[in-house]
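A short worksheet on the structure shown next.
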Amino acid sequence: MATPLKLKELSKKPDLLTHGHRMCAGCGAPIVVKMVLMASEYPLVASNATGCLEVSTCISEYTAWKIPWIHSAFENAAATISGVETMYRAWKKKGKITEKVKFIAFGGDGGTYDIGFQSLSGAMERGHDMVYICYDNGAYMNTGIQRSSATPRGADTTTSPVGSVVLGKIQRRKDLTRIMAAHNIPYVAQASPSHWLDLMKKVRKALDVDGPAFINILSPCNRGWRSKTDDAIALSKLAVETCYWPLYEIENGVTRITFKPKEKKPLEEFLKPQGRFKHMFAPGNEHLLKQLQEDIDMEWERLNKESSTEK
């Protein structure tokens with residue numbers, strides 16, 4: 001019998017990512033991972049790309065993971081878990097294993113949008129029965145807050161610094177969720193830890209799929225975003241309510257928005273608490289905020305046109 005997605009019942013489930021890891025206080029990534037693992041009703045095997053999550057949850061002989069877990073290089077988490085999944089299928093054919101097991105890969109945006117994109121794309125195209133979870137904090141946070149292709153336009157990073165000539169990153173962020181949907185895989189979604197029920201429902205859908213699935217999950221980083229250490233959920237919620245991070249899914253080619261704000265908030269409410277956007281609110285830089293707002297409005301309008309009204 002399926003475990004209900006109710007807080008009382010979920011609270012009885014064991015933590016599969018334990019306390020005692022060394023992620024930064026207030027980091028969004030362990031919140032995301034705990035939700036993902038708690039949603040699963042299958043035994044899991046995970047691979048984890050090099051990054052904040054990997055280096056801080058498994059140090060020497062100590063690990064916070066209570067599932068079989070493999071540290072992969074920055075670029076090959078998807079290839080690693082696709083190999084494990086292939087071995088599992090071979091063992092099932094030989095009768096060496098009968099249990100239903102699911103396979104999951106975790107990677108940050110650096111190891112997913114950029115360095116690991118080739119292995120991710122290949123695994124999706126080959127059709128492995130796996131779920132890839134990207135915890136998107138918008139930069140290479142583990143190695144010094146360098147810009148990635150997930151970094152939003154205008155953000156101040158160590159490799160797209162704000163100065164007298166260039167005011168932060170000049171390019172728009174890559175829309176990886178749509179790129180993954182273009183692989184024609186059964187399930188793609190975007191989620192946020194602020195909307196836990198929506199997130200966990202999507203994880204269950206992804207795990208129930210017979211084939212590849214991808215979920216992109218916002219993961220606030222107070223160190224890189226230069227925000228407060230206790231505002232990961234508040235910022236995640238603002239990202240959704242301003243439509244910077246819309247919640248939607250693409251199931252068998254059909255797009256559906258899973259949460260629509262009753263009143264779409266101005267983007268500045270999401271940007272103001274973050275020091276990486278401080279320069280946008282300086283006199284003379286109003287055009288930066290206007291440009292980013294126009295980007296978000298255009299994407300939200302496009303998503304609404306593509307979205308099915310069916311429930």
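Observations, loosely collected:
- Sole residue being at pLDDT below 95, surrounded by 14 or more Cβ atoms within 10 Å (Cβ to Cβ) and not charged (D, E, K, R), chosen from Leu17, Leu37, Leu10, Leu44: Leu10
A quick yes/no check of all residues on (1) of a type outside the set (A, V, I, L, M); (2) out of contact with any Gly (no Cβ under 7 Å at 6 or more places or on another chain); (3) farther than 27 Å from Leu289 by Cα:
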| position | (1), (2), (3) |
| --- | --- |
| Ser119 | yes, yes, yes |
| Met124 | no, yes, yes |
| Met130 | no, yes, yes |
| Ile133 | no, yes, yes |
| Asn137 | yes, no, no |
| Asn142 | yes, no, yes |
| Ile145 | no, no, no |
| Ala150 | no, no, no |
| Thr158 | yes, no, no |
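- Subset of segment 48-106 [aromatic (Phe, Trp, Tyr), under 18 Å from Pro30 (Cα atoms) and under 22 Å from the mean Cα position of the chain (by Cα)]: Trp65, Trp69, Phe106
- When segment 206-226 is filtered for residues that are touching a Pro at 6+ places or on another chain (Cβ under 9 Å), within 20 Å of Met35 (Cβ to Cβ) and surrounded by fewer than 22 Cβ atoms within 10 Å (Cβ to Cβ), only Val209 remains.
- Candidate set from segment 144-169 (those that are buried (at least 18 other Cβ atoms within 10 Å of the Cβ) and among the charged types (D, E, K, R)); member that is nearest to Asn216 (Cα to Cα): Arg147
- Residue-level check: of (1) within 27 Å of Ala239 (Cα to Cα); (2) among the aliphatic types (A, V, I, L, M); (3) in contact with a helix residue (DSSP H, G or I) (Cβ under 7 Å, 6 or more places away or on another chain), Ala25 misses just (3).
- Tally of residues being part of a strand (DSSP E or B) and either farther than 21 Å from Gly138 by Cα or among the aromatic types (Phe, Trp, Tyr) (or both) across segment 67-103: 5
- Counting only residues that are crowded, with 19+ Cβ neighbours inside 10 Å and more than 19 Å from Ala123 (Cβ to Cβ), segment 54-64 holds 2 of them.
- Being under 16 Å from Leu292 (Cβ atoms) and touching a residue at least 60 places away in the same chain (Cβ under 8 Å) is a property that holds for Trp225.
- Screening segment 170-205 for residues that are of a type in the set (Val, Ile, Thr) and not in a helix (DSSP H, G or I) and picking the one that is surrounded by the fewest Cβ atoms within 10 Å (Cβ to Cβ) gives Ile170.
- The sole residue among Glu61, Glu99 that is over 25 Å from Thr157 (Cβ atoms), in contact with a Pro (Cβ under 7 Å, 6 or more places away or on another chain) and not small (Gly, Ala, Ser) is Glu99.
- Just one of the numbered conditions (1) crowded, with 24+ Cβ neighbours inside 10 Å; (2) over 30 Å from Leu292 (Cβ atoms) is not true of Lys93: (1).
- Count of segment 26-66 residues, restricted to those that are among the charged types (D, E, K, R) and assigned to a loop (DSSP other than H, G, I, E, B), is 3.
- Being of a type in the set (Val, Ile, Thr), touching a His at 6+ places or on another chain (Cβ under 7 Å) and crowded, with 18+ Cβ neighbours inside 10 Å is a description that does not apply to Thr112.
The values are calculated or read from the model by the stated rules, or taken from the named source; none is laboratory data. Note that the structure is a prediction, hence the values are computed from the model and not measured. Neighbour counts are summed over all protein chains in view; Cβ atoms, including those assigned to glycine, are modelled from backbone coordinates with ideal geometry.
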